[in-house]
Amino acid sequence: MSGLSHIMRQRPFALQMSASKVANVLVARWASSQDIAPMDLKSILARPEEVEQRNKLSGKITVPKAVNLSPISGVPSDHIRERRVRIHIPPKNAMQSGTDNLQTWQIEFDNRERWENPLMGWTSTGDPLSNMNVQFGSKDEAITYCERNGWRWYVDSEQTKKERVKNYGVNFSWNKRTRVSTK
Amino acid sequence: MAGREAIKRAVQQVRPILSVDREEARKRALNLYKAWYRQIPYIVMDYDIPMSVEQCRAKLREEFVKQRHVTDIRVIDMLVIKGQMELKESVEIWKQKGHIMRYWKESQDPKPTDFLSKFIQGV
């Protein structure tokens with residue numbers, strides 16, 4: 001106990017009251033075997049203004065659902081005013097690839113200047129958004145993302161896949177000309 | 001797109017960042033402005049920039065007026081937090097002269113606005 005009072009003597013006066021409270025709690029804990037609820041040291045030592053601020057911030061405020069994050073997103077203002085976003089589903093590879101990864105919606109920015117790098121002949125661009133590849137589960141999510149960031153957008157028309165029967169045997173159906181007699 | 005129009009008008013309940021109402025957010029923004037305003041003479045002296053205190057104060061006002069249209073309380077709070085960080089960086093001399101001078105964009109060529117000069121510059 002002498003150690004604790006030594007610490008208390010070194011503290012400023014404003015903290016002494018709450019510090020003695022802590023000491024009481026600690027003594028009570030040592031004195032009885034009965035378990036008491038653990039107390040948060042921060043909440044005990046908090047000043048009344050801090051408690052008030054914390055209570056205020058634990059509530060909720062009402063804001064419009066449409067949020068414009070462009071002032072704090074860090075994107076340069078001319079890239080917000082002048083860019084237009086195309087929202088689309090990426091097309092299928094024209095080769096014999098599957099269609100498994102073509103369910104998501106993507107956003108794509110309009111093209112900016114590109115040039116051939118004189119040193120290596122590689123293509124360079126000064127556009128930071130040209131390689132941004134963000135995928136979305138639905139069209140509405142992509143639209144919401146663009147509107148939150150303040151970009152103009154348009155949805156590219158959805159390509160519907162034509163269903164066709166893939167069955168080798170159908171080629172030899174009774175009404176197909178392919179079914180010819182061998183005689 | 002009737003659904004999207006409805007979203008524009010709708011409101012939602014969210015956790016606040018710093019302020020709970022517009023008045024408090026406004027007070028925070030004004031406090032930040034005052035803090036910058038008072039620090040500008042020291043910043044000009046410490047960084048030894050070729051700008052006068054009046055020019056710096058005009059730039060400060062310009063930077064604040066640029067965000068005048070912001071109405072969302074949380075966005076205002078985030079802007080205040082960012083401004084506070086910038087102020088701290090400036091006052092503690094964590095920045096360099098060039099970082100302060102960047103506010104005036106002297107080394108950047110102004111972007112062309114009319115069609116022909118845009119075409120010539122390839123923008």
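Structure above, values below:
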quantity: Test result for A:Asn171, open to solvent by less than 100 Å² (accessible area, probe 1.4 Å) and modelled with pLDDT under 90; calculated: yes
quantity: Selected residue (criterion: nearest to the other protein chains (Cβ to nearest Cβ)) from residues of the stretch B:65-78 that are over 14 Å from B:Arg22 (Cα atoms) and not basic (Lys, Arg); calculated: B:Gln67
quantity: Pair list, Cβ under 6 Å, 6 or more apart: the stretch B:87-112 residue free of Cβ contacts under 8 Å to residues at least 12 places away in the same chain, other residue open to solvent by less than 70 Å² (accessible area, probe 1.4 Å); calculated: B:Glu89/B:Lys95
quantity: Yes/no for B:Ala6 being more than 8 Å from chain A (Cβ to nearest Cβ), open to solvent by less than 70 Å² (accessible area, probe 1.4 Å) and at pLDDT 95 or above; calculated: no
quantity: Index of the failed condition, B:Arg61 passing every other in (1) under 29 Å from A:Ala66 (Cβ atoms); (2) within 14 Å of chain A (Cβ to nearest Cβ); calculated: (2)
quantity: Checklist (1) at pLDDT below 95; (2) aliphatic (A, V, I, L, M); (3) in contact with an Asp or Glu (Cβ under 9 Å, 6 or more places away or on another chain) applied to B:Val70, failing item; calculated: (3)
quantity: Residues of the stretch B:90-104 classified as within 17 Å of B:Leu32 (Cβ to Cβ) and surrounded by fewer than 13 Cβ atoms within 10 Å (Cβ to Cβ), total; calculated: 1
quantity: A:Val180 outside any loop (DSSP other than H, G, I, E, B), away from every other protein chain (no Cβ under 14 Å) and among the β-branched types (Val, Ile, Thr); calculated: no
quantity: Which numbered condition A:His79 fails, given (1) open to solvent by 90 Å² or more (accessible area, probe 1.4 Å); (2) touching a strand residue (DSSP E or B) at 6+ places or on another chain (Cβ under 9 Å); (3) in contact (Cβ under 8 Å) with a residue 12 or more places away in the chain; calculated: (1)
quantity: For A:Val85: the one exception among (1) in a loop (DSSP other than H, G, I, E, B); (2) over 30 Å from B:Pro16 (Cβ atoms); (3) open to solvent by less than 60 Å² (accessible area, probe 1.4 Å); (4) touching a residue at least 60 places away in the same chain (Cβ under 8 Å); calculated: (1)
quantity: Qualifying residues in the stretch A:134-168 (those that are among the acidic types (Asp, Glu) and surrounded by 12 or more Cβ atoms within 10 Å (Cβ to Cβ)) - the one farthest from B:Asp72 (Cα to Cα); calculated: A:Asp156
quantity: Answer residue from the stretch A:10-69, given it is in a loop (DSSP other than H, G, I, E, B), exposed (fewer than 10 other Cβ atoms within 10 Å of the Cβ) and at pLDDT 55 or above and is nearest to the other protein chains (Cβ to nearest Cβ) among those; calculated: A:Asp40
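The values are calculated or read from the model by the stated rules, or taken from the named source; none is laboratory data. The structure displayed is predicted, hence computed values, not measured ones. Methodologically, a virtual Cβ is constructed for each residue, glycine included, from the backbone with ideal geometry; neighbour enumeration extends over all protein chains shown. The protein model used for the area step is the full one, side chains on, heavy atoms only, and it has no ligands, DNA or RNA in it. Shrake-Rupley method; radii C 1.70, N 1.55, O 1.52, S 1.80 Å.
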